[in-house]
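Trainee: My structure is below; once you've seen it, I'll send some questions.
The values are calculated or read from the model by the stated rules, or taken from the named source; none is laboratory data. These figures come from a predicted structure and were not determined experimentally. When we count neighbours, we look across all protein chains shown, and the Cβ atoms used for this are built from the backbone with ideal geometry, even at glycine.
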Amino acid sequence: MMKILQSLLRAAMILGAWLAVQSGVAAPLEDPLLRPAMRSLRAQGAVMQAVVRAGSRLVSAGERGIILLSDDNGLHWRQAAVPVSVSLTALSFPSPRKGWAAGHAGVLLHTEDGGETWQLQLDGRRAAELYAESARNSSLSDQAALTRLRQDAERMLADGPDKPFLDVHFVSDYVGFAVGAYGLVFRTRDGGRQWQPLMGRLSNPKALHFYAVKGMPRAIYLAGEQGMLWRSTDLGEHFERLSSPYSGSLFALQVLSDEALLVGGLKGQVFRSSDAGRSFSQASGVMPVSINAFAKQGDGTLWLINQAGWLQFSIDQGAHWQTLDALRPGRINALELSADERLIVAGFRGLQRLDLPTNKP
């Protein structure tokens, strides 16, 4: 199964390269960890994977290391300076100027100027070394778990920098988490100067993928394959496996408060908890299509996008959902609300700014 998953990831990277060529942003095939993202006038049309707010600024990231910035609510975009050309999958800005981007090849990037310039903090080679060092020094009393941990670390070293991070989330300018394929979980407590592997603190013998990490200082949540849900209430010192409401993959998380959260996954499964993940109730009205992302509007309206490109919204904290028939922007990976309350969507057509109907159905 590991070989099949690795083949799928390599195929995805090849597809990303082909799409970049079509967008006019491709570069010669060489080590993408050493090659800065190529600048292109057509970068806005590249495949984009993430979009977030950094204060009033919008920041988007996608294929071939492209990061775009907008200071006019998505009307115009300009390209940032990025030191790598790997596909970028997620963004987190705990404050307007400090942000992080995660991506393929174990890449974690950092900015201190609102996304104008980026520095590489971690890549797959260094991540593997940190994991191996952590495994060698582990004090796990369960010998079977310790042996498995060390074997996994050695495999990661042998594989090289091919493990992608799939999400990143910072609860402050200093404390953040990154998760990804094959059970990757890393934490920093000093703004990314040092990253610590946490895989030995979660029992994940099948090395299932983690797709999402979200939270607040009081509770950090991880979601992934086969309904995996984990919670930490001490910033990653310890993790508790939650009883999942669903056995299929969970791709999206939205933390609404210290106690309330949403999870979404395959086949349009959306569940809401009002007691910090101790129990869940299933949402109604969600289309039976896999969920890509959630977003929250200033007035409390919640939004989701599915893999068929349909937008749905909820005005009751995610309990019931309605479809916005007037808008269907196509294959979308992420969405965000701009400062002027427009939907900014990132996907296979690049970036789009959508005017919301004045009267929702």
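Trainee: Criterion first (under 29 Å from residue 244 (Cα atoms) and outside any strand (DSSP E or B)) does residue 316 satisfy it? Give the steps one after another, and end with the answer.
Mentor: On the way: under 29 Å from residue 244 (Cα atoms): yes; outside any strand (DSSP E or B): yes.
Judged against the criteria, residue 316 is a match.
Trainee: Answer with yes or no whether residue 109 is out of contact with any Leu (no Cβ under 8 Å at 6 or more places or on another chain), hydrophobic (A, V, I, L, M, F, W, C) and crowded, with 24+ Cβ neighbours inside 10 Å.
Mentor: On the way: out of contact with any Leu (no Cβ under 8 Å at 6 or more places or on another chain): no; hydrophobic (A, V, I, L, M, F, W, C): yes; crowded, with 24+ Cβ neighbours inside 10 Å: yes.
No.
Trainee: Out of region 112-122, which residues are surrounded by fewer than 19 Cβ atoms within 10 Å (Cβ to Cβ) and assigned to a loop (DSSP other than H, G, I, E, B)?
Mentor: Scanning region 112-122 gives 112, 113, 116.
Trainee: Let me ask you something else. Of 106, 74, 124, 115, which residue is out of contact with any helix residue (DSSP H, G or I) (no Cβ under 9 Å at 6 or more places or on another chain) and closer than 21 Å to residue 193 by Cα?
Mentor: Values: 106 fails: out of contact with any helix residue (DSSP H, G or I) (no Cβ under 9 Å at 6 or more places or on another chain); 74 fails: closer than 21 Å to residue 193 by Cα; 124 fails: out of contact with any helix residue (DSSP H, G or I) (no Cβ under 9 Å at 6 or more places or on another chain).
Of 106, 74, 124, 115, the one residue that is out of contact with any helix residue (DSSP H, G or I) (no Cβ under 9 Å at 6 or more places or on another chain) and closer than 21 Å to residue 193 by Cα is 115.
Trainee: Across region 91-142, what is the number of residues that are under 18 Å from residue 36 (Cα atoms) and of a type in the set (Phe, Trp, Tyr)?
Mentor: Of the residues in region 91-142, 2 are under 18 Å from residue 36 (Cα atoms) and of a type in the set (Phe, Trp, Tyr).
Trainee: So residue 294 fits all but one of (1) farther than 29 Å from residue 42 by Cβ; (2) outside any loop (DSSP other than H, G, I, E, B); (3) touching a residue at least 60 places away in the same chain (Cβ under 8 Å); what number is the exception?
Mentor: Answer for residue 294: the failing condition is (3).
Trainee: Right, next: Given the conditions (1) within 21 Å of residue 102 (Cβ to Cβ); (2) at pLDDT below 95; (3) of a type in the set (A, V, I, L, M); (4) touching a helix residue (DSSP H, G or I) at 6+ places or on another chain (Cβ under 6 Å), report the number of the one that residue 34 does not fulfil.
Mentor: Exception for residue 34: condition (4).
Table: residues versus (1) in contact with a Lys or Arg (Cβ under 7 Å, 6 or more places away or on another chain); (2) at pLDDT below 95; (3) within 26 Å of residue 295 (Cβ to Cβ); (4) of a type in the set (A, V, I, L, M).
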site	(1), (2), (3), (4)
185	no, no, yes, yes
192	no, no, yes, no
217	no, yes, yes, no
237	no, no, no, no
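Trainee: So which residues in region 239-278 are exposed (fewer than 13 other Cβ atoms within 10 Å of the Cβ), over 12 Å from residue 227 (Cβ atoms) and at pLDDT 95 or above?
Mentor: Scanning region 239-278 gives 240, 275, 278.
Trainee: If the requirement is being over 26 Å from residue 221 (Cα atoms), over 21 Å from the mean Cα position of the chain (by Cα) and crowded, with 18+ Cβ neighbours inside 10 Å, which of these qualifies: 356, 351?
Mentor: Numbers: 351 fails: over 21 Å from the mean Cα position of the chain (by Cα).
Just one listed residue meets the conditions, 356.
Trainee: Okay, next question. Identify the single condition in (1) among the charged types (D, E, K, R); (2) out of contact with any strand residue (DSSP E or B) (no Cβ under 9 Å at 6 or more places or on another chain); (3) at pLDDT below 95 that residue 201 does not satisfy, given that it satisfies every other one.
Mentor: Unmet for residue 201, out of (1) among the charged types (D, E, K, R); (2) out of contact with any strand residue (DSSP E or B) (no Cβ under 9 Å at 6 or more places or on another chain); (3) at pLDDT below 95: (2).
Trainee: Give the number of residues within region 319-349 that are touching a residue at least 60 places away in the same chain (Cβ under 8 Å) and either outside any strand (DSSP E or B) or more than 22 Å from residue 168 (Cβ to Cβ) (or both).
Mentor: Matching residues across region 319-349 total 6.
Trainee: Does region 51-66 include one or more residues that are assigned to a strand (DSSP E or B), out of contact with any Gly (no Cβ under 7 Å at 6 or more places or on another chain), of a type in the set (Val, Ile, Thr) and buried (at least 18 other Cβ atoms within 10 Å of the Cβ)? Explain how you work it out, then say what you get.
Mentor: Pass one, region 51-66, residues assigned to a strand (DSSP E or B): 51-54, 57-62.
Keeping just the survivors that are out of contact with any Gly (no Cβ under 7 Å at 6 or more places or on another chain) gives 51-53, 60-62.
Restricting the remaining residues to those that are of a type in the set (Val, Ile, Thr) gives 51-52.
Then drop every residue that is not buried (at least 18 other Cβ atoms within 10 Å of the Cβ), which leaves 51-52.
Yes, some residue in region 51-66 is assigned to a strand (DSSP E or B), out of contact with any Gly (no Cβ under 7 Å at 6 or more places or on another chain), of a type in the set (Val, Ile, Thr) and buried (at least 18 other Cβ atoms within 10 Å of the Cβ).
Trainee: What's the total number of residues in region 329-341 that are buried (at least 17 other Cβ atoms within 10 Å of the Cβ), of a type outside the set (A, V, I, L, M, F, W, C) and at pLDDT 90 or above? Steps first, answer last, please.
Mentor: Step one: list which residues in region 329-341 are buried (at least 17 other Cβ atoms within 10 Å of the Cβ), which gives 329, 332-338.
When the remaining residues are screened for being of a type outside the set (A, V, I, L, M, F, W, C), the result is 329, 333, 336, 338.
From the residues that got through so far, the ones that are at pLDDT 90 or above too are 333, 336, 338.
Result for region 329-341: 3.
Trainee: Please count how many residues of region 59-89 are in contact (Cβ under 8 Å) with a residue 12 or more places away in the chain and within 20 Å of residue 35 (Cα to Cα). Spell out how you get there, then give the answer.
Mentor: So in region 59-89, the residues in contact (Cβ under 8 Å) with a residue 12 or more places away in the chain come out as 59-71, 73-75, 77, 79-89.
Filter once more, keeping what is within 20 Å of residue 35 (Cα to Cα): 60-68, 79-89.
So the count comes out to 20.
Trainee: Pick out the one residue from 201, 218, 187 that is surrounded by fewer than 22 Cβ atoms within 10 Å (Cβ to Cβ), within 28 Å of residue 125 (Cβ to Cβ) and in contact (Cβ under 8 Å) with a residue 40 or more places away in the chain.
Mentor: Working: 201 fails: in contact (Cβ under 8 Å) with a residue 40 or more places away in the chain; 218 fails: within 28 Å of residue 125 (Cβ to Cβ).
None of the other options fit; the residue is 187.
Trainee: I need a count of the residues in region 92-107 that are touching a Gly at 6+ places or on another chain (Cβ under 7 Å) and in a strand (DSSP E or B). Give the derivation first.
Mentor: Applying the first criterion (touching a Gly at 6+ places or on another chain (Cβ under 7 Å)) to region 92-107 yields 92-93, 96-97, 99-100, 105-106.
Checking which are in a strand (DSSP E or B) leaves us with 92, 99-100.
Number satisfying all stated conditions: 3.
Trainee: For the subset of region 279-328 comprising residues that are surrounded by fewer than 18 Cβ atoms within 10 Å (Cβ to Cβ) and β-branched (Val, Ile, Thr), which member is nearest to residue 254 (Cα to Cα)?
Mentor: The extreme case among them is 301.
Trainee: Testing residue 75 on (1) part of a loop (DSSP other than H, G, I, E, B); (2) hydrophobic (A, V, I, L, M, F, W, C); (3) at pLDDT 95 or above; (4) within 24 Å of residue 191 (Cβ to Cβ), one condition comes back false. Which one is that?
Mentor: Among (1) part of a loop (DSSP other than H, G, I, E, B); (2) hydrophobic (A, V, I, L, M, F, W, C); (3) at pLDDT 95 or above; (4) within 24 Å of residue 191 (Cβ to Cβ), the lone unmet condition for residue 75 is (4).
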